[in-house]
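A.B. asks: Supplied in structure tokens, the structure appears directly below.
The values are calculated or read from the model by the stated rules, or taken from the named source; none is laboratory data. Bear in mind the structure is a predicted one, so any value in this text is a computation, not a measurement. Cβ atoms come from the backbone with ideal geometry, glycine included; neighbour counts cover every protein chain shown.
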Amino acid sequence: MRLTWVFTVLSERTRRSLMPVLDRPWASSRSTSRSRSLSCSSRASVSPPGGSGRSRRSSVTARRVTGGERNISPAATARRAGSSSSAAELAVTGAVDATGRTSFFTPLPGWGTVDLVAHLDRRFACPVVVENDCKLAALAERWKGAASDADDIVYVLGGMRTGAGLIIDGVLRRGFGGAAGEIGALKNVRWLNAPAHLQNCPGVPDSVGPGDAAAWVFNAAREGHKAARQAVSRYVKDLAVGTAALVLTLDPQVVVFGGGFSRSADLVLDPLRRELERLCLRMPEVRASTLGADSVALGALKLSLNDVDHRLFSAGLSAPVAPRRR
């Protein structure tokens, strides 16, 4: 496995909106740059043992929030001796088990045995928590996004893979072993192959790579391209099957459509609503994500804040902390 860290920041608008949160009483002094909150994201290129050497890319996001020492409680568990309380959160694709691995299912060959916690524990002087990206995005949408007024939410990630995050009664649900929401593993709900309708659309130019085919199809559909419009329609029909199964099971107030394909929500939401009205007993509101590419990072930040709050103040929080291995 090769990990390449690339430090980035959230969008300017998002960072401005978060300043009141990051400047809470336990937050560090602005004059000490080393103690301020650190935002970083990474991309992990994974080469499975014995593989061909070609790597697949998985999005991994880390958010670290470091607090000042004056309000540290004796119960704080940060590894750095007595100087701060901090948390590092990482988002990965696939269901995360109690060890921090994606041992149940992952679309990346060789990734299921990777121990990110052990790998990053040497690099962060604080507890390291690994969580599924869809779950973090759902948490962010309730905190700062399209579902801030709702307690029962189904978040659907639309992209080159499809996933879901669930919030019920205001609580992020992981399930007994961390696999809640992984309905896409059931082939009958048609999520596994839904993006292929866009990738394999007739008329996509040879100059357009597989990673850009969906964007080309959405743009062509807006311009009235017949095959592109049919491909989008087939994609939405498949997306609606798994979404309807979650709606029928959980009866959410809101379904949030996020992920990379949410940039084309203008083409997806109306037909998705029509399909859900046909399939579901009670129709929830269907909204597009308002956080865009920041959703997973914001969810990781929220989970970090929850973790630090929990250890500093021992208060019950709306989103339980993911399992952590030390």
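A.B. asks: For the stretch 90-184, which fully contained strands (runs of 3 or more DSSP E) count at least 1 residues that are surrounded by fewer than 24 Cβ atoms within 10 Å (Cβ to Cβ) and charged (D, E, K, R)?
C.D. replies: none
A.B. asks: Hey, another quick one. Mind counting the residues in the stretch 232-288 that are surrounded by fewer than 21 Cβ atoms within 10 Å (Cβ to Cβ) and of a type in the set (S, T, N, Q)?
C.D. replies: Selection size over the stretch 232-288: 3.
A.B. asks: Inspect all residues belonging to the stretch 198-212 and state whether any of them is in contact with a strand residue (DSSP E or B) (Cβ under 8 Å, 6 or more places away or on another chain) and of a type outside the set (S, T, N, Q). Give the steps one after another, and end with the answer.
C.D. replies: The first filter runs over the stretch 198-212 and keeps only residues in contact with a strand residue (DSSP E or B) (Cβ under 8 Å, 6 or more places away or on another chain), leaving none.
No, that holds for no residue.
A.B. asks: If you check LEU246 against the conditions, is it farther than 16 Å from ASP266 by Cβ and hydrophobic (A, V, I, L, M, F, W, C)? I'd like the intermediate steps shown before the answer.
C.D. replies: Details: farther than 16 Å from ASP266 by Cβ: yes; hydrophobic (A, V, I, L, M, F, W, C): yes.
When the stated conditions are applied, LEU246 passes them.
A.B. asks: Then there is this: Filtering the stretch 109-125 down to residues that are of a type in the set (A, V, I, L, M) and over 17 Å from GLY178 (Cβ atoms), which residue is farthest from the chain's Cα centre (by Cα)? So that I can check it myself, show each step before the final result.
C.D. replies: Of the stretch 109-125, the ones of a type in the set (A, V, I, L, M) are 114, 116-118, 120, 125.
In the following step, the residues that additionally are over 17 Å from GLY178 (Cβ atoms) were identified as 118, 120, 125.
Values: ALA118: 21, LEU120: 19, ALA125: 24 Å.
Looking at residues that are of a type in the set (A, V, I, L, M) and over 17 Å from GLY178 (Cβ atoms), I get ALA125.
A.B. asks: Hey, PRO202 hits all of (1) surrounded by 12 or more Cβ atoms within 10 Å (Cβ to Cβ); (2) in a loop (DSSP other than H, G, I, E, B) but one; which does it fall short on?
C.D. replies: Among (1) surrounded by 12 or more Cβ atoms within 10 Å (Cβ to Cβ); (2) in a loop (DSSP other than H, G, I, E, B), PRO202 violates only (1).
A.B. asks: Another question, then. What residue, among those in the stretch 187-198 that are part of a loop (DSSP other than H, G, I, E, B) and in contact (Cβ under 8 Å) with a residue 40 or more places away in the chain, is nearest to SER148 (Cα to Cα)?
C.D. replies: Kept after step one, since they are part of a loop (DSSP other than H, G, I, E, B), are these residues of the stretch 187-198: 190-195.
Checking which are in contact (Cβ under 8 Å) with a residue 40 or more places away in the chain leaves us with 190-191, 193-195.
On the way: ARG190: 29, TRP191: 26, ASN193: 31, ALA194: 28, PRO195: 28 Å.
Ranking the qualifying residues of the stretch 187-198, first place goes to TRP191.
A.B. asks: Against the definition (at pLDDT below 95 and either part of a helix (DSSP H, G or I) or of a type in the set (Asp, Glu) (or both)), how does ASP266 come out, yes or no?
C.D. replies: no
Per-residue answers, yes or no, for (1) within 24 Å of ALA293 (Cβ to Cβ); (2) at pLDDT 95 or above; (3) within 18 Å of the chain's Cα centre (by Cα):
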site	(1), (2), (3)
PHE218	yes, yes, no
ARG222	yes, yes, no
LYS226	no, yes, no
GLN230	no, yes, no
VAL241	no, yes, no
VAL247	no, yes, no
GLY258	yes, yes, yes
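A.B. asks: Continuing with the same structure: If you take the residues of the stretch 272-301 that are of a type in the set (D, E, K, R) and assigned to a helix (DSSP H, G or I), which of them is farthest from ALA245 (Cα to Cα)?
C.D. replies: Quick first cut of the stretch 272-301, residues of a type in the set (D, E, K, R) only: 273-275, 277-278, 282, 285, 287, 294.
In the following step, the residues that additionally are assigned to a helix (DSSP H, G or I) were identified as 273-275, 277-278, 294.
Details: ARG273: 14, ARG274: 15, GLU275: 12, GLU277: 12, ARG278: 12, ASP294: 27 Å.
For the stretch 272-301, the residue satisfying everything is ASP294.
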